């Protein structure tokens, strides 16, 4: 079974790769922009949809607020980009987790890490779901299979990352530039058509949008204001991924911080232009997006029904703008879907890296900080894949529903990071004496303070407007992660204190008395193997132990033991209730009580079977004994395996001396000689028990 599993693993992820983890690849700005900004740029693929869907709750007339909401989102984007430009100069070696932990302490760092971990899982889920939607826009027949497509995409990404590879380089460059070029061309051509009056209308523009109240109410009153805030909260998801550039500063060419700051500024300009263009064109062509198109869109008063397929906003815009040149529609739609898949792939890079850092700091299992045989952090990749699949299936591959969960973690991380930066600049000001440096530090603190105000405000809006619509799930996940990571840290600290050496001089290994116990049910080759192995360790005293369960086996073992003239005394424990485990454990504990400074080593013969189904036929008693003895203080369990099958010891030639009574005699003589040389003359190495005894359990 194990060999089969290993062959499947090698088929999926490839052969082990020798060597150390790959080093960082230093990237110029033209390469770093698509590599690190692809995640944030991809939000243009579904954020306009989320804004339009939210506003559609109040009817079609409410969508006129979409451009203003997009403008507000761009304003926050400018502030966040300016804030992270300060971060890349102050912390060129790390991201939000390091900034928060260094300035606000481990507890705040743990909260930021919890937010980021949940953000990465949701990034992988929402990006693949949105990518599946664009694939369905190209091939309409695939629309009923969005869940299966999204699960397939995230699984392929997991397998690709499990196979390992180089640090970020050329793979995302062409798709990212293709996406920027395709959307840019669509925006330019669409704006020209709008100015010349040649811009058409989207098919969904001819349908009426039914508000939740059953009639178009617009955005009047308190409910309308709350809806605008909710749409703004959805649009704020466009900022997710900005911190990826700050996390990737070590991969930039020198001067690293300056190049990272330049890429941040360039990304801000491109993202703002793309978001505003898409939202504006969506309104110009009359795109209608609703959460439930089968019931919320009507044609002459009749619902469209389940057969209607709602394409993403960019897909609808591209179909109108390039109505006379269909291939360009496919280019725009395919490029958008591809960039979304690449955005999901960035989560497979960032989640294992953060989980590895948390494992190194002992907030998560240490295994997460280790690389697999393909030099990838395979444990983190598998955890991310499992979490993304749960969200995809649980939310039926709906990007709009997932985005309700997505935003809260983003802005918790943003806000904590900006607070940490304000603390950082305050400390710098307390020690800086140079006037020029003080001015720069003061200016940076003002920028980050504005960032705290902006991101904190958005966080409050998100919590108020999204909490009951799914954000509570993210908050609950973060709380669980926080508690689990705190418990793991406490466990590791407790273990470290328990096993730490207080005084190296007093803790040096000294000669100790060892009492060896060989468990025997009958006299056969595995028992002889265990006796030989036990004697070869040169214990201070040794005995064999068996249990009489009333089936005559103990009597046969006593006769065989005497006939073989084995130099090891045999103790038979009586068990009137036919239980094997309890008498052995009680006896071992009594040996420990009689000699508390003596180490007891229990040698346990067990079979190694050829097939998985054979495990149910062997070793059940041995497994129960091993489990019980491992929980007994001062006792060491030493399994002695005996391989079954054509290639095992059971087919060794009878003339071989491996595990025979003669071997035991030879080993016993050597053991006694070594003990006499090692022990003082007054010490008696033999056990006080007679060669064959019987005790009541």
Mind telling me which of the residues 290, 242, 321 ends up being in the same structural domain as residue 463 (by TED's automatic domain parsing) and closer than 30 Å to residue 112 by Cβ? 242
Residue count, region 295-335, condition in a loop (DSSP other than H, G, I, E, B) and either out of contact with any helix residue (DSSP H, G or I) (no Cβ under 9 Å at 6 or more places or on another chain) or over 13 Å from residue 187 (Cα atoms) (or both), comes to 14
Here are the criteria: (1) more than 20 Å from residue 475 (Cβ to Cβ); (2) modelled with pLDDT of 90 or more. Tell me which single one residue 388 does not satisfy. (1)
Which members of region 178-214 meet the condition of being over 19 Å from residue 276 (Cβ atoms) and out of contact with any helix residue (DSSP H, G or I) (no Cβ under 6 Å at 6 or more places or on another chain)? 196, 197, 198, 201, 203, 204, 205, 206, 207, 208, 213, 214
When you check residue 547 against the structure, is it part of a strand (DSSP E or B) and either buried (at least 17 other Cβ atoms within 10 Å of the Cβ) or at pLDDT 90 or above (or both), yes or no? yes
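Rundown of residues vs (1) farther than 23 Å from residue 119 by Cα; (2) outside the structural domain of residue 103 (by TED's automatic domain parsing); (3) touching a residue at least 40 places away in the same chain (Cβ under 8 Å); (4) not in a helix (DSSP H, G or I), yes/no style:
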{"residue": "413", "(1), (2), (3), (4)": "no, no, yes, no"}
{"residue": "440", "(1), (2), (3), (4)": "yes, no, no, no"}
{"residue": "450", "(1), (2), (3), (4)": "yes, no, yes, no"}
{"residue": "462", "(1), (2), (3), (4)": "no, no, yes, no"}
{"residue": "465", "(1), (2), (3), (4)": "no, no, yes, no"}
{"residue": "472", "(1), (2), (3), (4)": "no, no, no, no"}
{"residue": "483", "(1), (2), (3), (4)": "no, no, no, no"}
Taking region 294-332 only, how many residues are surrounded by fewer than 22 Cβ atoms within 10 Å (Cβ to Cβ) and under 36 Å from the mean Cα position of the chain (by Cα)? 3
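Conditions (1) surrounded by fewer than 16 Cβ atoms within 10 Å (Cβ to Cβ); (2) at pLDDT below 90, marked per residue:
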residue	(1), (2)
90	no, yes
112	no, no
115	no, no
121	no, no
126	no, no
166	yes, yes
173	no, yes
Looking at region 499-515, is at least one residue in contact with a helix residue (DSSP H, G or I) (Cβ under 8 Å, 6 or more places away or on another chain) and at pLDDT 90 or above? yes
Check residue 274 against each of (1) within 18 Å of residue 189 (Cβ to Cβ); (2) more than 33 Å from the chain's Cα centre (by Cα) and name the one condition it does not meet. (2)
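The values are calculated or read from the model by the stated rules, or taken from the named source; none is laboratory data. Keep in mind that this is a model prediction, so the values were computed, not measured. As a convention, Cβ positions derive from the backbone with ideal geometry for all residues, glycine included, and neighbour counts pool all protein chains shown.
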